[in-house]
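The values are calculated or read from the model by the stated rules, or taken from the named source; none is laboratory data. Since we're looking at a predicted model, the values are computed, not measured. Don't worry about glycine lacking a Cβ; one is built from the backbone with ideal geometry, like all the others, and counts go over all protein chains shown. The accessibility values were calculated without ligands, DNA or RNA, using every heavy atom of the protein model including side chains. Shrake-Rupley method; radii C 1.70, N 1.55, O 1.52, S 1.80 Å.
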Amino acid sequence: MLLSLEGVSKSYDGVRMVLKGVDLELSRGEIFLVLGPSGTGKTTLLMIASGLEEPDSGRVTLLGHELTKMDPDERAAVRLKHVSFIFEGFVLLEDLNVLENVLLPLRLKGSVDEDRALKLLERLEIRDKAHRPIGGLSMGERQRVAIARALVDPRDLLLADDPTSNLDDRRVKLVSDLLREIVDGGTGLLVVSQDPRLRAHLRPDRTAILEGGRLVEAQ
Ligand SMILES: Nc1ncnc2c1ncn2[C@@H]1O[C@H](COP(=O)(O)OP(=O)(O)OP(=O)(O)O)[C@@H](O)[C@H]1O
Ligand SMILES: [Mg+2]
C-alpha cells in the first residue's frame, strides 16, 4: 500500500468537524479522485495525507511510515523524498521565470534536466512562455506551470488540489492524459477537485464524494 488513511478526523474550531473518520487507500499506479463542493474539506484531506497538517485522530501511513507518529521534521523528510504536490494556490516563486520554477524540484536534488522541463511545458502548451516571469501569466498559465513543476520529477505519491480549476476543456484533457502517463509510470495520484470534468477525462480507478466529512464512494 502506498498511502492509507484510517479513521482520520479533523476540526479547526473544536466544534465543527471538517473530516469525520475518513478511510482511504491508494496503491501505486492508481488514481483516486475525491470530488466535493467548496469548503467540504478537500484541501484539508490533502494536507493531512501529505503530513503538512496533523489530524485530531486517526492514522496516516505513507510507504510504511506512520506520519501520525512522527514530528513535523520527520514528516518533512518523508514528504521531500516521496511526495509531489500540485497546490491549490500554485505557490510559484515570483522572482523566478517559468522554466526556473519548473526546474526547482530537480535543482534541490542537484540534477537539472532542462530538456524534460521544456518537454513538459511543450505538452502543457506553455513552452513559448518558458523565459517569462510568473507575474505576467494568466491563472490558467500559472496552473499549468504548477503542474509541470510537480511532474518534472514525480515521486511515489502525487497529491493534486483542484489542478484543472482554471483550465478549458481541451487543457483538462491535456493535463489528464499527462497525469495518467505519470501514474502508469508507478506513481499513485490522489486528486481532490470541484471539477466534474475530471471523471470523464481522467477515468480514475476510484471516485468518491466528500460529504459531511465522510467519503462516499461514487458509482
Ligand atoms: N487553517 C484553518 N483554520 C480554520 N478553519 C479552516 C482552516 N483550514 C480550513 N478551514 C475550514 O475547514 C473547512 C474545509 O476547508 P478546505 O480548505 O479543506 O475546503 P475545500 O474543500 O478545499 O474547499 P475549496 O474547494 O473551496 O478549496 C472550511 O470551512 C474552512 O473554512
Ligand atoms: Mg481547497
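At-a-glance table
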read-out: Region 162-219-region 50-67 distance, computed between alpha-carbon centres (Å); value: 22 Å
read-out: D_trans [Stokes-Einstein, Kirkwood Rh over alpha-carbon pairs] for region 42-117, 10 °C, 1.306 mPa s, µm² s⁻¹; value: 112 µm²/s
read-out: Region 1-31 versus region 90-150: alpha-carbon centroid distance in Å; value: 30 Å
read-out: Local net charge near Val8, Cβ-Cβ under 15 Å (Lys/Arg +1, Asp/Glu -1); value: 0
read-out: Chain lengthening between Lys119 and Ser27 when straightened (0.36 nm per residue, less Cα-Cα); value: 30.4 nm
read-out: Accessible area of the chain belonging to carbon and sulfur atoms, whole % at 1.4 Å probe; value: 48 percent
read-out: Set of region 22-61 residues, backbone N closer than 12 Å to the point 7 Å along the Cα-Cβ line of Tyr12; value: 39-45
read-out: GNM result for the chain, Cα springs below 10 Å: residue of Val183, Val91, Val60 fluctuating most strongly; value: Val91
read-out: Residue-span extension gain [Lys20 to Met1] - 0.36 nm each, minus C-alpha spacing; value: 4.6 nm
read-out: Rounded to the nearest 20 debye, dipole of the chain from Cβ charges on Lys, Arg, Asp, Glu; value: 340 debye
read-out: Cα→Cβ-extended label distance, 7 Å offset, between Glu211 and Leu104, nm; value: 3.7 nm
read-out: Compactness of region 82-219, expressed as Rg and Dmax over alpha-carbon positions, Å; value: 14.9, 45
read-out: Phi to ³J(HN,Hα) by Karplus 6.51 cos²θ - 1.76 cosθ + 1.60 over region 176-185, Hz, x for Gly, Pro; value: 4, 4, 5, 4, 5, 4, 4, 5, 5, x
read-out: Per residue value of the accessible surface for the chain (all protein chains in place, 1.4 Å probe), Å²; value: 46 Å²
read-out: Extension gain, Ser57 back to Arg127 (0.36 nm per residue minus Cα-Cα distance, nm); value: 20.8 nm
read-out: All aspartates and glutamates inside 13 Å of Lys109 as judged from Cα atoms, apart from same-chain residues fewer than 8 positions distant; value: Asp153
read-out: Exceeding the 22 Å Cα-Cα cut-off - candidates Lys10/Lys173; Lys10/Lys42; Lys20/Lys42; value: Lys10/Lys173
read-out: Ratio of the Cα radius of gyration of region 1-127 to 2.2 N^0.38 Å, where N counts its residues; value: 1.22
read-out: GNM top mover of Gly89, Gly14, Gly188 - the chain, alpha-carbon springs below 10 Å; value: Gly14
read-out: Computed over the chain: relative contact order in percent, which uses C-alpha pairs under 8 Å that are six or more apart; value: 31 percent
read-out: Farthest positive-ward along the chain dipole, Cα basis, beta-carbon charges - from Gly58, Gly7, Ile182; value: Ile182
